[in-house]
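Here, each number is a calculation from the coordinates, and none is a lab measurement. From a predicted model like this one, the values you see are computed outputs, not experimental measurements. Every residue, glycine as well, gets a Cβ built from its backbone with ideal geometry; the counts of neighbours run over all protein chains shown.
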Amino acid sequence: MNYEGNIIRPPSEANSIILKVTVGCSHNRCTFCGAYKDVRFRIKDAPTIDADIAFAARHCRRQHRVFLADGDALIIPTPRLEGILAQIRQQLPWVNRVSLYGNARSMLRKTPAELAKLKDLGLYRLYMGLESGHDPTLEHIRKGVNSDRMVEAAKRIREAALFLSVTVLLGIAGRSNSAVHARETGRILSGMQPNQIAALTLMPLENTPLFEEMRTGKFKLPDQAGILQELGLLVSAIDVERAQFQANHASNYLPLSGRLPRDKERILQVIGAGLSGRQPLTTESQRAL
C-alpha cells in the first residue's frame, strides 16, 4: 500500500482496509487540528490508487470493510469517486462496507442524485466532524461553515439513506462558552438526526493555534468536572429519533455508550455518578488521542 504521512481513521475502522485516495485535508484550517499541518491536499493519481486496490485484492481477503482516507475523501469529483467504488466492488467483492470522512462543504457539493449513485456503488457510511453547534465557536475554530449548513449537509446525507456518524468535541468552546456550546450542539444534533454521535474530549496539540491560545491564557480548557457537566448538558439537549451515542474514545474521562433516546436517563445517571465521585474516571496519564 502507498501510505504517505499520518493515517487518520475513526476508531470503528480499525479492522478496515485503509485505502488512501487523498493526502491531507481539503479544508485544513481548523485551529484545533494538527493532523495535516504543512501537508498540501491532493487527490492521489489513478495508477497509485489502482495499485493499492490490486494489492488489497491479493492480500486483504479477510477484511470486509474499506475506509477511504485521508481527511475528506468525499471532495473527490463524483465521476472519479464512482470509478474507485466500482473498482472496489469488482476487485474486492467480499467487501460489504465502504466509508469515508466528509465535511459539510463537500457533502453540499454533491447532488442528491450523485449521493444516491455513490450509495448504489457501495458507499455506506460518512463520518462528519460537527465539533460544535455554537456558531461563535465554529467561527473561532475556523471550521468553515455555520451550524445551519451542517444541518443542511446532514439532511442531504440522510435523504440519500447513507449512514451518518457525527463527531462533537467536548471542551472546544473553552470554559466561558461551555454551557452554551453543549446546549447548542445538542440542538443542532437534533436537527441533523445522525445515525451515530461520537463525543470526544479536546486534547490540544502543540502544533495548533488553539494550543498557543491555551499557552497564552486566551483559551481555558474546562477541568474534569467542567467536561462532565458539559457532557451532561449535551446529552440532555439531544432529541433524536434513534441514534447510537458513544463517548468511549480514549480522550474521554468517562467511557459511555448507549442508544438514544432509550438510554438517555441511564447515561445521565452515570455522568452524575462521575461528578459525585461514585464512578471512577480515566486518569490524565491514561488519556490519548
Label point distance in nm, E241-N2, each placed 7 Å from Cα along Cα→Cβ: 4.3
Estimated distance in nm for a label pair at N248 and R58, the labels positioned 7 Å out from Cα along Cα-to-Cβ: 3.7
Listed residues K117, K218, K37, most fluctuating in the chain (Gaussian network, C-alpha, under 10 Å): K218
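Please compute the volume of the convex hull spanned by the alpha-carbon atoms of the chain and report it per residue in Å³.
Measuring per residue, one finds 127 Å³ for the Cα hull of the chain.
Could you tell me the calculated FRET efficiency between K155 and A86, based on Cβ-Cβ distance and R0 = 25 angstrom, to the nearest 0.05?
So the FRET efficiency works out to roughly 0.40.
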Cross-link table K20/K119; K110/K155; K155/K264, entries beyond 21 Å C-alpha to C-alpha: K155/K264
Placed amide H near L130: partners under 5 Å, 5+ positions off or other chain: T167
Amide hydrogen neighbours beyond the local backbone of D72, cut-off 5 Å, H modeled: S26
Cysteines (scope the chain) whose Cβ has no counterpart Cys Cβ under 4.7 Å: C25, C60
Exposure proxy ranking, count of Cβ atoms within 10 Å, fewest first, for T22, T216, T185: T216, T22, T185
Cβ-Cβ FRET estimate between R287 and T216, R0 fixed at 35 Å, reported to 0.05: 0.90
Partners for K117 among aspartates and glutamates (Cα-Cα distance below 13 Å; same-chain residues under 8 apart left out): E82, E159
Value at 222 nm in deg cm²/dmol, rounded to 500, when DSSP H runs of n ≥ 4 in the chain each add -39,500 (n - 2.57): -11500 deg cm²/dmol
